[in-house]
Every structure is written in structure tokens, then in C-alpha cells.
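S.K.: If you scroll down you'll find the structure; I have some questions about it.
What follows draws every value from the coordinates through simple rules; no lab data is involved. Remember, predicted model here, so these are calculated numbers, not experimental data. Glycine gets a Cβ as well: all are built from the backbone with ideal geometry, and neighbour counts include every protein chain shown.
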Amino acid sequence: MRGGKVAVVGGSIAGCAAALAAYRGGADEITVYERAAGRLADRGVGLAVHNSRYAELDSAGYLDADMPWVQLERRRWYVRDGSAAGPLGHEIGSMPFPFRTYNWGPLWRELRGHVPDCVTFRPGVAVDTVRADPEEAGAEVVTADGSERVDLVIGADGYRSVVREAVFASVRPAYAGYLAWRGAFPADRLPEPELWAPQDCAYVVFPGGHVIVYRIPDGVGGHRVNWVLYTAPPPDLDLGLGVDLRLTAPTSLPPGGLTRALTAHLTYVCDALLPPYWGDLVRATAPEELFLQPMYDYTAPRYTSGRVLLMGDAATVARPHTGAGAVKALQDATVLESAFATATTWPDALDTYDTDRTIAGAAMVDLGRRLGHALVEETPPWRSMDQTALETWWKQADGSGAFGGRELRR
Ligand SMILES: Cc1cc2nc3c(=O)[nH]c(=O)nc-3n(C[C@H](O)[C@H](O)[C@H](O)COP(=O)(O)OP(=O)(O)OC[C@H]3O[C@@H](n4cnc5c(N)ncnc54)[C@H](O)[C@@H]3O)c2cc1C
């Protein structure tokens, strides 16, 4: 299948990969609409990609060795223990952890660099809505400047997608009931770095949550320390968000935007629930390096509707415990490229994509819920666990063994 006009809404990881898939699949004209005006490369937080998923995405041409990474090898589980456990806390056990970590900004910059010049990238242009064609022969993208009629609209516009809203209006992200505090800072600020090996990922657990800590590249030859702390705030705590969490789902807060109550709760977790080393590490984060992401998940009923296609977080958001959100988005793109290459008509290509990705997306959302339950909502008695108990518990939580992403079948 060759030719056609494609509009991509969103120019983040899924959007850049979608443009690349459409180009390699033979589309004639591709436009990417990105609401943000040029700030994407500044995002300095981490994400992790399983080595096996990396190998598949490398061979498919969506990731490569030019994108700076840090290789992790082991995941060590620590818990606070008042006894003589040392500053890192008591090590419950450890597991192999073959993941590469990335810094979002440099990863995006490289991916954006792979998008050929013939693709029109329109930063600073928000799409207001998408009008699906009742005959299913095309669709229209509407911006403040006017509208464009295309053969296919790809919604890569994240979890509050206007493209999804246009075709599946009733599907809304559901708040999972807990929050992720996130931070990243230069590694030279790390207290006693020799206590924590560069190839180790720490899972520091406590009743009702955990913090994950690993190093990421800083994009200029050094490292940053990246952490994500998941827990539910006490239900009676006024977080200063102006909403009652029991009634209204919260939104993300940008770096420097945490309320006093949210900062105070983080301080409480550092002081009372984390071993001293990890509490100090989180406290070393400056307010402008600290932000908040409430946990959501959902599954769109399908990945396509007529000539509208969803990709990445616009289609499904799996809770980040899966360690595979970016992988899922990049896999979406590789499957779309193959579908374009093998199909002879638009409906055939879209059906092939839809069948594969609807199943894959739902499986990752399920896994995210299971892991969220085990790691945050109903945590086990960490202090009484040993290596064997930890392995048995993890096996149950992971279930299908899809942590880090499902294998890509092309
Ligand atoms: C706490 C946390 C930790 C994570 N850790 C990992 C990890 O370790 N490994 C991993 O693989 N993944 C991880 N993820 C998930 C991963 O970051 C995302 O799944 C992935 O980046 C895919 O994003 P996306 O491109 O679909 O959406 P987004 O990155 O949300 O991009 C959507 C883009 O669309 C633009 N946009 C939105 N609306 C419009 C509009 N109307 N018009 C034009 N543009 C618009 C936005 O500006 C944005 O640039 C994590 C996520 C979280 C929250």
C-alpha cells in the first residue's frame, strides 16, 4: 500500500514513532501537530526499557545505540529496619533486572531526529477536534488555523487525547487512587554514591507503597539520579489541590508546582517509612526538580475507528509499574508499519493493526492493575519476607511474565 495523507496528533514518543511508521509504510504526506512549542527535549526524567524489548525495537529501527542509556543488571529490594541493617535498610532479596534506562529528553531528541525532513512537524499547534467521516473514507483535523482533510488521523496525543474523545467519547481515564511523586537530579549530588552500585535498581518498599531509584544518562556524558515514589495520600489529608480526591480525579503538577501538603507528605514518607539513605536521596531533590503524576489507567475499546487510529497512551494507559509504556507506544508503531507494508487497502491495514494492538494494550493494562495492587494497594508484610518469599510473591504479581513489555511478534 503506498500513498495517502496522514495527520499525527501529538509529537511525543508515540507521535514521532507514528510519523516514522507512516513514512516507512509509504504515506505521501505526513503532518505532525504538537501542542507544545519546543519544550519536549527539556524533559529530564527517566524511563526503563527491557533489554529484550530494546533488541526488537532496535532491529525494527525505532531505537538504536545512539540514544544514550545506562545498563542495569540487578533489582535490589530494601525495607526500613530499625536494627543494624545499615543506611540502605534491610535487603529483602534481589532479582536480575536486564533494563536499559533512558533520559526522556535525549531519547525524544534522537527519535525526533529519525523523522525525515519530508514530514511537516508543527510545534505549538494544538488540535481542537477531529471529525470522523461517516463514510469512513477519511477524517478532518481541526485547529485554530482551520482544518485539514486526510486519509488517516493517528491520535498520539496522550492520556487526555482529543482524538480518542472524538471516536470513543465515553472512555475516560480512571484515577487509580494513588499518586506518583517523581524527581531527578544530577548524580554528583548523590549522598555516598559508593553505597549504591550504578548497575543496581533499588525498589525501596514500605506499607502502602515503594520508591524506585535508578540512574539515567544526563545526555552530556554524565548521570542523573531518577526516582518515582508511589503511594496513596491519607484520605483525610487536604492536599491543597482544590479538589476532593474521593470525588474528583487529580491532574499532574509540573516541576516546582507541588502544594505544601504534598511536599509535607513526601517528607513524612522519607522520615518515617524509608531507610535513611533513600530518604536522604529523595530529600536531595530541589523543589523545581519535583513533580507529581496521579496514576490512571484505561483501555479504549478498540485501537481504530473508521479512519482514526490510536497509538501509545491515547489508546491505553497501563500503570507505570509495567515498565513498558514507551515500549508499548513504539511497538504500536512497528505493527502499524508492518500493517501498511502488507495490506492493499486502508481498511485491511487498520484491521490488522487494531486486532494486534487491542489485545496487547489490554494485557498491559491488566498487568499494571495487578502490579499496582501488589506494590501499592495491598502490600505484603515486607519485613517478614526473604528471597524465596519475594520471588514467589513477584511471580504471582507478574503472572504472565510480561513485566517490561510483551514480546513483539512481527
Ligand atoms: C511515573 C511514570 C513512569 C514511567 N516509566 C516508564 C518506564 O520506565 N518505561 C516505559 O517504557 N514507560 C514509562 N512510562 C510511560 C511512558 O512515559 C509513556 O507511556 C510514553 O511516553 C508514551 O507516551 P505518548 O507519546 O503516548 O504520550 P505523551 O508523552 O503524553 O505525549 C502526548 C503528546 O501529545 C501532545 N498533545 C496532547 N494533546 C494535543 C492536542 N490536542 N494537539 C496537539 N498535541 C497534543 C502533548 O503535548 C504531548 O507531547 C512512565 C509513565 C509514568 C507516568
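S.K.: Modelled label-to-label distance, TYR175 and GLU288, 7 Å Cα→beta-carbon offset: nm?
M.R.: 3.0
S.K.: Then there's this: Dividing the convex hull volume of the Cα atoms of the range 190-271 by its residue count, what figure in Å³ per residue is obtained?
M.R.: About 133 Å³ per residue, rounded to a whole number.
S.K.: Counting pairwise Cα distances across the range 89-196, what percent come out greater than 21 angstrom?
M.R.: In whole percent, the long-distance tail amounts to 64.
S.K.: Dividing the Cα convex hull volume of the range 180-334 by residue count, how many Å³ per residue is that?
M.R.: Here the figure is 154 Å³ per residue.
S.K.: Another question about this same structure. Evaluate the Debye formula for the range 8-157 with equal point scatterers sitting on the alpha carbons, no solvent, and hand back log10 of I(q)/I(0) at q = 0.11, 0.15, 0.19, 0.21 Å⁻¹, in q order, two decimals.
M.R.: After summing over all Cα pairs, the log10 values are -0.57, -0.85, -1.13, -1.28.
S.K.: Further, regarding this structure: If we sort 364-370, 317-323 on the protection proxy, mean other Cβ atoms within 10 Å, highest first, what's the order?
M.R.: Values: 364-370: 20.6, 317-323: 24.7.
Put in order of decreasing packing, that is 317-323, 364-370.
S.K.: Between the alpha-carbon centers of the range 13-32 and the range 265-339, tell me the distance in whole angstrom.
M.R.: 23
S.K.: What order do you get for GLU110, GLU194, GLU136, GLU56 when you list them from fewest to most C-beta neighbours inside 10 Å?
M.R.: GLU194, GLU136, GLU110, GLU56
S.K.: What is the sum of charges, Lys and Arg at +1 and Asp and Glu at -1, for the other residues whose Cβ falls under 10 Å from the Cβ of CYS201?
M.R.: +2
S.K.: 7 Å from Cα along Cα→Cβ at both ALA85 and GLU391: what's the point-to-point distance in nm?
M.R.: 2.1
S.K.: Beyond 21 Å, how much of the Cα-Cα pair distribution for the range 294-410 remains, as a whole percent? If you can, show how the numbers build up before the last one.
M.R.: Numbers: 2930 of 6786 pairs.
The calculated P(r) of the range 294-410 puts 43 percent of pairs beyond 21 Å.
S.K.: Taking K and R as +1 and D and E as -1, what net charge do the other residues with C-beta under 11 Å from the C-beta of ALA156 add up to?
M.R.: -3
S.K.: Where the only charges are on Cβ atoms (+1 Lys, Arg; -1 Asp, Glu), what is the dipole of the chain about its Cα centre, to the nearest 20 debye?
M.R.: 320
S.K.: Counting other beta carbons within 10 Å of each Cβ, put HIS90, HIS373 in order, fewest first.
M.R.: HIS373, HIS90
S.K.: Measuring from the lowest to the highest alpha carbon on each principal axis, how far does the range 261-301 reach, largest first, in angstroms?
M.R.: Each principal axis gives a Cα extent; for the range 261-301 these are 45, 23, 19 Å.
S.K.: For the range 316-394, with the dipole built from +1 on Lys and Arg beta-carbon atoms and -1 on Asp and Glu ones, taken about the Cα centre, which of HIS321, ALA333, THR352 lies farthest toward the positive end?
M.R.: Comparing the listed Cα positions along the dipole, HIS321 ranks first.
S.K.: I need the per residue convex hull volume for the chain, using only the alpha carbons, in cubic angstrom as a whole number.
M.R.: So the per-residue hull volume is 132 Å³.
S.K.: Another question, if that's okay. When only alpha-carbon atoms are used, what values of Rg and Dmax, in angstrom, describe the range 157-217?
M.R.: Looking at the range 157-217, its Cα Rg and Dmax stand at 18.2, 52 Å.
S.K.: To continue, here is another question. Could you give the length gained by full extension between SER147 and THR355, i.e. 0.36 nm per residue of separation minus their alpha carbon distance, to one decimal place?
M.R.: Working: separation 208, 0.36 × 208 = 74.88 nm, distance 3.00 nm.
This chain segment gains 71.9 nm when fully extended.
S.K.: Right, next: Return the FRET efficiency for the residue pair ASN51, ASP348: r is the Cβ-Cβ distance, R0 is 22 Å, and the value is rounded to the nearest 0.05. Don't jump to the answer; show the numbers that get you there.
M.R.: Numbers: r = 34 Å, r/R0 = 1.54.
Working from the Cβ atoms, E equals 0.05.
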